[in-house]
Amino acid sequence: MTLPFRRRNLSRLFYAVIGALLIRYFFFSDIPSSSSSFARTRSHQIQEHNFIERATRPDKTLNVQKHRFLQSRIGRDEREEMLGHVIRNGIDDYWERFQLPYILNREAAPIDAQHVLSAIDQLLSLNGWVAALCPTLTRPFGQNKLGDIWDDIVREDHLYYFAIVIHSADHFLVDQLAVIVQMAKRLGTNNMFVSMLDYDSTDSTETLIDLCEAVLTLLGVPFRIRRVPGMTEDPAAAYYPLEEAYMRNLALEPLQELKSRRGIVFERVIWLKGFTCPNDIFETIKVSFANQAAMVCGMDWAEHNGFFIFSDRWRTRDIEGDQFRQSKSSSKPDAVPPRDKQGATRYAQHLPFQVFCCESGTHVVDPAQSYYKGIEYRAGTGFQNLSKPELVPERDADAPCLDSSQAWFCRDLWVKSASDAMEEVDRVNAGVGGNSNAKRNLIDLAARDPLMLNARPKRDLSEEEPVERRQLLPVVVDADANAGSDYDAIPDEEGGEIVPPPEQGRLSIPNSVFRPARILVNPRCVTTYAGVSHTQLALDLFGDGDDNAEGVGKYVLEDWEGAPESFVCQEQRQTGGRKATKTQRRLGFSIHDELQKLA
Ligand SMILES: *[C@@H]1O[C@H](CO)[C@@H](O)[C@H](O)[C@H]1NC(C)=O
C-alpha cells in the first residue's frame, strides 16, 4: 500500500517542478538570468511573445520601456584606450562629488527627469550641426518654404527601419545621428528602429557610437548597435563586394527578427549613407509610396577639385544600363548624370526618373518587395583570391558580373518582380484568389505586355548568340579619390567611360514583356560628404528653386520601362579590398534566362 502513495507524491513533485519551470519560461522570459550564458546571448536578440501575449493580443509596439531588448549593443570594443584611466577617474570623481550627494530620496527624481528632458531639447534643436542648415537650403517646388508638408506621411503611423553601415567613416556619423533625431521627432520614437553596424572601424567611430547609444537611449528610440571584426585579417585577401553583402545583411538582421519573432512589419527601410537633410529623406519616402517603388535613391555629390561631381558610378546605371556621367552639379542639360533621354529630361525638371540600378547615398527600400521576400545582399563567387597561390579561375565569356553587391541586389529585384507577376497571372488563370481588383490589375498588365501570358520560359535559346560584347580594360584605381561613393569607381581618364555601345533587340524574349522593377532616382534628395558647401551645391542644382511644376507628375512616374538588354558591368575579379583593380565590359541581361536559372 505504501508504494502507490509514494509514487503519487513523486509524480506530484514532478508536476510541480514542471509547472514552475513553465511559468518561469512563459511569464518571465523577458528577464535574462545572469547565471546562464544562453540567456546572456539571448538578451540582445528580439524576443518572441510570451504565453500570455500569444493568447491575448500580441504587443507589436516598439516600446523600449516595456521591452528592454529593443535597445541593444553587441560587440563593444573593450580594448584599453590610451588615456582611458584618466577619463574614467574624471567620470568617477564627477559622479561622486557632484551627482551622488544630491541623490537623496525619491523627491529628487523629478529634477533628474528635468535634466534629461532639457538635454534632449538641446539635442533636438541641433545647434551648430549641419542638419540645422537644412531648412535654409534651396529646394525645387518651394519644398522648404511650405512648412511641414510631410504631415500625411507622419499621420499614416507607418514603421521605418533606419540602417547605417559604418566602415571607418566617422566624419558623418554625428550628422547622421542628428538626422535620426530629427526624424524621430516627427515620426515618433515608437515608429522607428535604428540599426547601426560598425564593420571593423579603426578611426574614432567607436567613441561616436558611444554618443549615438547615449542619445538613442535617452530619447527612447529602439536600436541595435553592433560591431563586427573584418571578414579577413589581410586586406589583400578581402573581397569588397562580399564584405558589402555581409555588412548589409547583418544590418538587416533585426528587421527579420522583429518580423519572425514579434510580427512587427516595417513599411520602409532607409539606408543612410553620407549626409542627407531630413526633409529630403521625407520626400524620398513620399516618392517611394506614391510609386509603390521597390527602391528610391538620392543623388550623391562629392567635392572634387573645387566642384561638386555626381559620385556613385560604381553602382548606378540608367534605364539603358549605362553608367552615369561624372557630371558637375552645374552641368548643362546635355551633360547631366543620367545618359538616357527620358532620365536626362526628368532630371532637368528635378523629377524622379527610372533607373536600372542605384544606390547613390541615402536610399529607401520597400522590404515587402525585397527583404521580406527572401532577397538578400550577395556577391559573385568567381573571383580570384590573390592570397591563395592558385591559377586564375577559368571564366566563361558570359560569366556573371563580379560587380558591387548593390548591382546584384538590383538584378534580383528585376527578376523577382518578373517572376512575381508571372505567378500572379498563373494564379488568376487557375481561378485562385481572383478578386476583381487583382484581376483588373492583371488585365492592365497583360494589355501592356502582350507576351507576358505566354512568356513561360522554355529552354530553346541554344541557337541564340550571347549578347555580351567584351572589352577588358585593366585599370588602376585612383587612391586619392576618396570622395563619396565614387571611391569605388573607375575614373574617366583611366577608361571609365569606354565600353562598347549596346546592341538592341537581340533577345528572343525581350525584357520589356516582363513586369518592371520600380527603381527610381529622386534628384531632389541630395546626399553629401564632409567638406561640401551645402548652400552652393543647392544653388548649383536647383537655382532659385522656383519651379512651376505643381501637381501631377511631381511624384508619380506614369510609364515604366523594362530592363535594359545589356548593362555596363564594372567588376572586381580579384581580392584586394575596396581599392582592388576593376575591369569593365558590357554584359547581356535577359530576364527570361535569369528566370530559367531559378526554375
Ligand atoms: C582568400 O584566402 C585566404 C587564405 O586562404 C582566406 O583567409 C580568405 O578568407 C580568402 N578570401 C576570400 C574573400 O574568400
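Computed values, structure above
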{"read-out": "Of the GluC sites (Glu not before Pro) in region 204-250, those whose Cβ has at most 14 other Cβ within 10 Å and which sit in DSSP loop", "value": "Glu233"}
{"read-out": "Pairs from Lys66/Lys185; Lys286/Lys328; Lys341/Lys373; Lys341/Lys554 whose Cα-Cα separation, in the structure shown, is over 24 Å", "value": "Lys286/Lys328; Lys341/Lys373"}
{"read-out": "Neighbour-limited loop hits for trypsin sites (Lys or Arg not before Pro), region 274-371 (at most 11 other Cβ within 10 Å; DSSP other than H, G, I, E, B)", "value": "none"}
{"read-out": "Distance from region 189-207 to region 560-582 (C-alpha centre basis), Å", "value": "28 Å"}
{"read-out": "Built amide H within the under 5 Å cut-off of Met299, gap 5+", "value": "Cys525, Val526, Thr527"}
{"read-out": "Cα gyration tensor category, rounded, prolate or oblate, for region 65-122 with a/c compared to 1.5", "value": "oblate"}
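Laboratory data are not the source of any read-out in this text; all were calculated from the coordinates shown. Just so it is clear, the model here is predicted, and its values are computed rather than measured. We place every Cβ from the backbone using ideal geometry, glycine too, and count neighbours over all the protein chains shown.
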